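Read the figures in this text as sums done on the coordinates, not as results from a lab. None of the values given here were measured: they were computed from a predicted structure. Cβ coordinates were reconstructed from backbone atoms using ideal geometry, including for glycine residues, and neighbour counts include every protein chain displayed.
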Amino acid sequence: MTVTGEASGPRTGPATVAVAAQGVTKVYGTGDAAVHALRGVDVGFHTGAFTAIMGPSGSGKSTLMHCLAGLDTVTSGQVRIGDTEITGLSDNELTLLRRDRVGFVFQSFNLLPTLTAEQNIRLPLEIAGRQADQELLDRVIRTVGLRDRLGHRPAELSGGQQQRVAVARALATKPQVIFADEPTGNLDSRSGAEVLAFLRTSVRELGQTIVMVTHDPVAASYADRVVFLRDGLLVTEVLRPTAQTVLDTLMKLEA
Amino acid sequence: MIRTTLAGLRAHRLRLLLTALAITLGAGFIAGTFVLTDSLQAGVTRQVAASADRVDVAVLPRAGHGKPGEAELAAIRRTAGVAEAHGLVRGPAALVGKDGKVAGDTPTTGVSVVTGRLGRTAMTTGRAPAADGEIALDENTARTRGFAAGDTATVLDSADRPHTFQVVGLFDVGVDQELAYTGAVGFTPDAARRMTGEKGFAEIDVAAAGVPPERLKAAVTAALGGAGHRVLTGDELAAELARVNGGNLEFLTLALLMFGLVAMLVATLVIYNTFNILIAQRTREMALLRCLGATRRQVFGSVLLESLVVGVLSSLAGLAAGYGLGAGALRAGTAFGLQSAPVDATLTPRTIAVALAVGVLVTVAAALLPARAATRVAPIAALRTQSEEREFRAGAARLVIAGLFLLAGAGVTVAGTRMPPGEQALFVVMGGGVLIFCGVLVLGPVLVRPLSAVAGWAPARLFGVPGRLAVDNSRRHPKRSATTTIALTIGVTLMTTLSVITATTRATYTAQLDEQFPIDYLVSGQFGRADAGGALPREIAATLRARPELASVTQVRGAEARIGDAKGRVVTYHGPYTVDLIQGGMRDFTAGGALIGSNTADSLKLKPGDTLTVTTAKAGVQRLKVAGVYESGKALVSGVVVPEGAFETYFGRLDDDRVLVGARDGVTAGDSRKAVEAAVAAYPTAKVVSTTEVRGEFDQALDTALAVVTGLLGLAILISLIGIANTLSLSVHERTRESALLRALGLTRRQLKRMLSVEALVLGLIGAIVGVVLGTAYGWAASRTIATDVLFRLPVGQVALFVVLSGLAGVLAAVLPARRAARASVVGALAAD
Ligand SMILES: Nc1ncnc2c1ncn2[C@@H]1O[C@H](COP(=O)(O)OP(=O)(O)OP(=O)(O)O)[C@@H](O)[C@H]1O
Ligand SMILES: [Mg+2]
């Protein structure tokens, strides 16, 4: 697998919005201790697009992602996943929404240590009590390239392999959107490249929508678009990014 | 280092709370036992002292010798330095209840009530009897038999002649166990002698005329000459009374302590497990300490210090709880009239020492192995991000050791069941049980996997993904699960053992009863009558025979005689009864022949055809030919059975001991009962029991015993449930991120809770399954040590109930941990490092 700085062109045709935030604010704590993690973010993520969120540490990337995914509640503003307005849903409704329409990949601790790779991949389907789309599953597993390691437990897999299993798990339910928070943060560059290539392939070939938080300009360059956060606000974005353009934008932001 | 330890303790306050509770309960029970029995003992001593205080010197008969009589009393009264002396009379004098029958299974005891300086009878209502026609009753008898001061009451004299008295007062028997058991009737000294027919005195109390007790004792001893009576000072008397009457308290202490020890054993497992888990969870913390330069010894010390603090604090709490428990039991005892006077709870230094020592030692000892494990943490572990799961592998050493324990245990147990029934066999079987338990303890982690597959079979299918994840989780840390469940296993094993023994005893007894009592009613007198003759006039049997409702009437009578070289009993019967023989036959059962029990045949080495000597007062030495042998304990008669005619030659014409009555077929139970009662109505000493009643009483006694023991074992079970709750909540803590991941992937709160409940259910079931299997085996083995031919019964319903309840209890234990797990925020948990 080769790592290129080249970004592919944006998708053609009328783009529908998979996830959208409108005037989203998030305040942690109250009074003097209040932290304004998000100060009014408006952003949309197109279906079938691979978007990266970047920004300095503490700028609110993770917070935004959690709010978009319904893992956390917003202080004000609205979030829509597809046609569903998720602000104001109950915990149970959010759980059902997550399990049916959202996939996750985390930086670390992505897999259940007691289950094999394959069991981990099938877990969300089983929780939802859904029949696996066997053809999709086969394709996903083939793309992950872990056919011979399916029976292994996480402890017997490398970090990169574990993360690929996590991505496969996210893909297996065919969610409307996959959120990935620094999926390559714990990996060396080679393993990171494998995972990123796999993410991009799933966007290209399976039409998957992916939103990824990252610190790494090279990782961001795999995306179709990069949005930049600073101090809880969306400040700029780069289309068809390369590692260099991303790096330049970051430098400007931090200056 | 100490500061770090204390900071750690403060940080894990909540996690250690449940552990502390386990110790508090165990130590509390032990402390409570001591508080209760010490207080009761103190009460006994105080009462005894109050009673014996009035006496300066007491004369008691020596065991096996005659009682002091009028001559001795007169001699004492003549002795210089004696102000006053009274003989105390004591002997059977049966009180007749309001139903016209003698009260109780044994006759009440008649005692003389002395008044004045030597008056030791504690009157609680009314006054002491002052005239021949007056009596006082002990409070308990008055209450149960419905008498009050002012009533008239009938008492039988030694020849069973009724006399009418006026009840003028009630008194307290104090610590006298014998009087408390039989009930007591107080007479004036003269009336007491007449009614009981006693010639001697049970005790002579002497008051001094200004002479020190020791000198008076010497003078009285001299006055009595070599009569061999015991002369005691008042203090010596008090000490003796306290010793004699406090004896059963020791038994109570021991019995309660046994349960306390079981509870402590369970607590040890719980504590061991908690510390183990805490250490495992703090691997990185320990490693960091090592990185920062802490030595192994320091790490070891810090864990032990932690356990010491927990042990001391929870033992202190246990001591307080125990004091409350003991005081509560005392108050309840007074309220229910179990002890006459209210007793204050006493906290002796011994109680404090024992409770603290046990609590602290158990805690620190349980923490030793975990502390050693903590020292093995490599400093490098601090740098690893995720603590990896280590696969448990059953080492060869573990299998070998477990195998040896199990083999030895099984061998010892089987040997125990092969021994002749008795206490010794029981102890051997118990020893085998301990060995097997050790084996199971060692093998536990290996057993968890297959057992969780069994126990989790249904839950995994019933509860979908949460169910399957739960079953996986239950076997994730086999050691942890094993220790958790074995704590529960102990309680369940003991409960099952007891219920098997109870069911087996019940079945065996019922079968024996059916075999032995092919009769419907038994008419008998009270036990404990001194004379040789029976208590039932022969007219009773004659009257019974005349009733058309009754089909068979058999009279049984017996008398004391010398059989061979020992004292024994010779019996005969009259009526349609045949003795079932296991050897010989009835052909030789004529004058000069005898039937003997298998016990006698064994001890005297006799078989049919051999000769047996029986010596009676009336007929001298008789040589009898053994005609047959019956199985001892299985026939309606016991002793040497001779034909009726021969019996009268040996002993004369005696009254009946018992009359066995069979109802005619087709007569209702009510009618036949009425017929029997009408026939015996005129005889106050004749009591009627139906065999159904006997069975009912026995059943009730068994049920009560089982209920009491189960209640006491409940403590051990409670502690093991705390263990399950503890393990779960620690696991929940450990798996916070995992739970968050599952929630992010779409597991609802309810499903997450269910997952933990199922895990607890599986743990509970594993514990119960092992317990039920062991308990059944040991119930069987233990009942074999009671008798060889027991009818083994497995109370399937009860045992199934234990399993179900254990499962449910497990689920209950999971409620709080599950709630905590479900409440955790997904984002927060995932972010946590
Ligand atoms: N639970 C919380 N309570 C209080 N403040 C919080 C909480 N979570 C995040 N914050 C604050 O909100 C701000 C945004 O945090 P966030 O985790 O979103 O940053 P980030 O962009 O993901 O940073 P990084 O790149 O370091 O992961 C930070 O100032 C952070 O301190
Ligand atoms: Mg972040």
Which one, B:Ala353, B:Val626, B:Ala327, is farthest towards the positive end of the dipole of the protein assembly as shown when Lys and Arg carry +1 and Asp and Glu -1 on their Cβ? B:Ala353
Going by how many other beta carbons lie within 10 Å of each one, how would you line up B:Glu203, A:Glu126, fewest first? A:Glu126, B:Glu203
Computed from the beta carbon distance with a Förster radius of 60 Å, FRET efficiency for B:Lys634 and B:Arg331 to the nearest 0.05 stands at 0.80
How many times 2.2 N^0.38 Å is the alpha carbon radius of gyration of the range B:521-606? 1.29
From the square roots a ≥ b ≥ c of the eigenvalues of the alpha-carbon gyration tensor of the range B:707-833, which class results: rounded (a/c under 1.5), prolate (a/b over b/c), or oblate? prolate
Testing the spin-label approximation: label points 7 Å from Cα along Cα→Cβ at A:Asp32 and A:Met251. State their distance in nm. 4.1 nm
Given DSSP loops and a limit of at most 16 other Cβ atoms within 10 Å, what is the longest stretch of chain B that contains no such chymotrypsin sites (Phe, Trp or Tyr not before Pro)? B:1-335
Radius 12 Å from Cβ of B:Glu549, net charge of other residues (Lys, Arg +1; Asp, Glu -1): +1
Inter-chain shielding of A:68-77 (mean C-beta neighbours from other protein chains, 10 Å cut-off): 2
Would the range B:733-794 count as rounded, prolate or oblate if I go by the C-alpha gyration tensor, calling it rounded below 1.5 in a/c and otherwise prolate when a/b exceeds b/c, oblate otherwise? prolate
Quote to one decimal, in nm, the extra length available between B:Arg46 and B:Arg695 on full extension: 0.36 nm per residue of separation minus the C-alpha distance between them. 229.5 nm
Please give the charge dipole size of chain B, origin at the Cα centre, charges +1 on K and R Cβ atoms and -1 on D and E Cβ atoms. Round to the nearest 20 debye. 4320 debye
Computed label-point distance, nm, for sites B:Val804 and B:Lys618 using a 7 Å Cα→Cβ extension: 6.3 nm
Burial ordering of A:Glu156, A:Glu182, B:Glu560, A:Glu254, fewest other beta-carbon atoms within 10 Å first: A:Glu254, A:Glu156, B:Glu560, A:Glu182
Can you find, among B:Val211, B:Phe698, A:Ile121, the residue sitting farthest towards the positive end of the charge dipole of the protein assembly as shown, where Lys and Arg contribute +1 and Asp and Glu -1 at Cβ? A:Ile121
For a Förster distance of 35 Å, can you work out the FRET efficiency between the beta-carbons of B:Leu252 and B:Ala365, rounded to the nearest 0.05? 0.80
What percent does the relative contact order of chain A come to when contacts are Cα pairs within less than 8 Å and at least six residues apart? 28 percent
Order of B:Asp235, B:Asp580 from fewest to most other C-beta atoms within 10 Å? B:Asp580, B:Asp235
Starting from the Kirkwood radius over alpha-carbon pairs of the protein assembly as shown, derive D by Stokes-Einstein at 25 °C in a medium of 0.890 mPa s and give it in µm² s⁻¹. 67 µm²/s
Mind checking Rg over Rh on the range B:1-106, alpha carbons, Kirkwood formula for Rh? 1.38
Please average, across the residues of A:110-120, the number of beta carbons from any other chain that are within 10 Å of each residue's own beta carbon, and give a whole number. 3
Would you kindly give the portion of the calculated P(r) for chain B that falls above 41 Å, as a percent of all Cα pairs? 53 percent
When only alpha-carbon atoms are used, what values of Rg and Dmax, in angstrom, describe chain A? 17.7, 55
Using a Förster distance of 25 Å, how high is the FRET efficiency between B:Ala410 and B:Thr710, based on the Cβ-Cβ distance and rounded to 0.05? 0.35
When only Cα pairs under 8 Å and 6 or more residues apart are kept, what is the percent relative contact order across chain B? 16 percent
Which order do the peptides B:720-730, B:816-826 take when ranked by the mean count of other beta-carbon atoms within 10 Å per residue, highest first? B:720-730, B:816-826
Quick shape check on the range A:148-208: root eigenvalues a ≥ b ≥ c of the Cα gyration tensor, a/c under 1.5 is rounded, otherwise prolate if a/b tops b/c, else oblate, and it reads oblate
Distances over 17 Å make up what percent of all Cα-Cα pairs in the range B:464-516? 62 percent
What dipole magnitude, in Debye to the nearest 20, does chain A give about its Cα centre under +1 on Lys/Arg Cβ and -1 on Asp/Glu Cβ? 380 debye
Per-peptide average of other Cβ atoms within 10 Å, ordering A:29-38, A:206-215 highest first: A:206-215, A:29-38
Within 10 Å of each Cβ in B:735-744, the average number of Cβ atoms from other chains: 5
Starting from the Cα of B:Phe427, step 7 Å along the direction of its Cβ; do the same at B:Ala394; then give the gap between the two resulting points in nm. 3.5 nm
Work out the charge dipole of the protein assembly as shown with +1 on the Cβ of Lys and Arg and -1 on the Cβ of Asp and Glu about the Cα centre, then indicate which of B:Leu257, B:Thr106, A:Leu247 is farthest towards its positive end. A:Leu247
